[in-house]
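One structure is given here, and the rest of the page talks about it.
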Amino acid sequence: MSQTTKGTREQQPGLRTGCLSFFEVLGQSIANIAPTATPAITIPVVFASAGNATWVAYLFAMLAIILLGIQINVFSKRSATPGALYTYISQGLGNGGGFVSGSGLVMAYLITGSAVLCGFANYANNLLGYAGLKVSPALLILIGTIVAWVLTYKGVELSAKVMLVSEALSVSLIAILGIIVLVNHRFNVGTAQLTMQGSSFNSIRMGLVFAFFSFVGFESATAMGREAKNPLRNIPKAVMGSGIVVGIFFVVMSLIMVMGFAGAKTSLGESTAPLTYLAQQSHIGIFGFFIDIGATISFWSCGVASITAAARVMMSMSDQGYLPKSVSKCHQTNKTPYIATAACAVVVGGVPVILEILKNSNMDVYNYTGTLAVYGFLLSYLLISIAAPVYLFKLKELKWNNLLTAVVAIILICIPLVGSVYPLPGYPMVVLPFVFVGWLILSLAWCMIVKNRNPLQARADAALQEESNG
């Protein structure tokens, strides 16, 4: 039950060791971000708040992610673990803080999977619409969940390759469309955007709330600590690389999309199919069909990445005695956590199907689950930014620049954290923060029950904390 120390790998029996290349680890983080969803859905929402400063909101969000990546890499450069932020925060703030973040992170990954499978169902129906067909979103979600579970059960190498190829295809299609739009507009993004005409500090702040949401999941490469080749080098590179590469893509696409909608009858903030509109305006309407294919695959890939990451965090929580031992079991041949993966798939697919059976629309379920998932990510991001300087202080390696980057990261993370709950949204969205707080209370109660039932668990936690203190 010992955690890793500098330059070593956590001993996690069962997972395949050193089987993922840097690009496959990078694909895990990028797939969890689901970059296709941002130009397809999120950039219009950010524009509705930030207007011509949409690109600035994404620039600030990318800066926050880079600073957050620096905090994460304080740990990922020193230890490799499937526990991801759960283990890192435990090293910095103790097992209590680690357990809270771990329960929030598992929920975030699982509910993100639910949200993106709703997106998968939406775009799959768009494709079926070309043939005059329409299928129940609940049925499509079930099909997508089953295929995702089979892939994660079969092996991490296969799922990593599928995610990498599918995301590369999807982003490439959107990038080609963006280049065509740029050429048609003679690379003139307009002075209104460059001068942020009509935008204010408050509108940029509100836009930043939604822009930040585009990046959540970028840290999921840290869950590949056992399976990555040279993890102490490749995982930190993947964490930073995913944030920077995807961030640049978001900034550029926001500039292009705002430019492309200049003079349009329908505002970008009101468009339900912005990429299809841009393809039609560029006289390449068929491109909209291919982008729908890419978006469908991208949303589904994010579901695969979410199940993959959640299962590995659950494994680490099981190894430390907080979940049943069976959760950490791995398949003898596939070397995958088949019990944890199956449990994750049931939750990921079951939540949206139940909500839709209760007469909620598919896109309403997407909004509910996506919003709820963000709370789990923001909590973990806040705690890791606090844990990093504390951990460096314990190691007697804390410098002023470490403290400065952590403080700035905390400030930037607090913007979307506060903005997501204040002012309180209307019903039913107002219920979601309380659902998340209720989940944390139940998690803490479970943590106390485990320790009270097993005095050895409290001693093990104390030993782990003493070891992480050096």
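The values are calculated or read from the model by the stated rules, or taken from the named source; none is laboratory data. The structure displayed is predicted, hence computed values, not measured ones. Methodologically, a virtual Cβ is constructed for each residue, glycine included, from the backbone with ideal geometry; neighbour enumeration extends over all protein chains shown. Keep in mind that these areas ignore ligands, DNA and RNA; they rest on the heavy atoms of the full protein, side chains included. Shrake-Rupley method; radii C 1.70, N 1.55, O 1.52, S 1.80 Å.
Overview of results
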{"item": "Every pair of residues 6+ apart whose Cβ atoms lie under 7 Å, when the first sits in segment 263-289 and is under 21 Å from residue 50 (Cα atoms) while the second is modelled with pLDDT under 85 and surrounded by 12 or more Cβ atoms within 10 Å (Cβ to Cβ)", "result": "275/288"}
{"item": "Number of the exception - residue 313 against (1) closer than 30 Å to residue 95 by Cα; (2) assigned to a helix (DSSP H, G or I); (3) open to solvent by 20 Å² or more (accessible area, probe 1.4 Å)", "result": "(3)"}
{"item": "Filter pass, residue 173 being over 20 Å from the mean Cα position of the chain (by Cα), touching a residue at least 40 places away in the same chain (Cβ under 8 Å) and in a helix (DSSP H, G or I)", "result": "yes"}
{"item": "Which listed residue, of 196, 206, 163, is outside any helix (DSSP H, G or I), touching a helix residue (DSSP H, G or I) at 6+ places or on another chain (Cβ under 6 Å) and among the hydrophobic types (A, V, I, L, M, F, W, C)", "result": "196"}
{"item": "Number of the exception - residue 318 against (1) in contact with a Ser or Thr (Cβ under 6 Å, 6 or more places away or on another chain); (2) touching a residue at least 40 places away in the same chain (Cβ under 8 Å)", "result": "(2)"}
{"item": "Residue in segment 356-395 that is farthest from residue 118 (Cα to Cα), counting only those that are open to solvent by 50 Å² or more (accessible area, probe 1.4 Å) and free of Cβ contacts under 8 Å to residues at least 40 places away in the same chain", "result": "393"}
{"item": "Selected residue (criterion: farthest from residue 156 (Cα to Cα)) from residues of segment 17-48 that are open to solvent by 10 Å² or more (accessible area, probe 1.4 Å) and hydroxyl-bearing (Ser, Thr, Tyr)", "result": "42"}
{"item": "Whichever residue in segment 133-166 is more than 23 Å from the chain's Cα centre (by Cα) and open to solvent by 70 Å² or more (accessible area, probe 1.4 Å) and, among such residues, is farthest from residue 348 (Cα to Cα)", "result": "133"}
{"item": "Residues (open to solvent by 50 Å² or more (accessible area, probe 1.4 Å) and part of a helix (DSSP H, G or I)) located in segment 418-436", "result": "418, 431, 434, 435"}
{"item": "Residue in segment 61-76 that is surrounded by fewer than 20 Cβ atoms within 10 Å (Cβ to Cβ) and without any contact (Cβ under 8 Å) to a residue 24 or more places away in the chain present", "result": "no"}
{"item": "Residue check for residue 409: open to solvent by less than 50 Å² (accessible area, probe 1.4 Å) and without any contact (Cβ under 8 Å) to a residue 40 or more places away in the chain", "result": "no"}
{"item": "From 42, 4, residue being at pLDDT below 95 and assigned to a loop (DSSP other than H, G, I, E, B)", "result": "4"}
{"item": "Output for segment 279-310, where each listed residue is open to solvent by 30 Å² or more (accessible area, probe 1.4 Å) and under 25 Å from residue 26 (Cβ atoms)", "result": "290, 293, 297, 300"}
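Rundown of residues vs (1) at pLDDT 90 or above; (2) farther than 14 Å from residue 72 by Cα, yes/no style:
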{"position": "363", "(1), (2)": "no, yes"}
{"position": "373", "(1), (2)": "yes, yes"}
{"position": "384", "(1), (2)": "yes, no"}
{"position": "411", "(1), (2)": "yes, yes"}
{"position": "418", "(1), (2)": "no, yes"}
{"position": "432", "(1), (2)": "yes, yes"}
{"position": "438", "(1), (2)": "yes, yes"}
{"position": "447", "(1), (2)": "no, yes"}
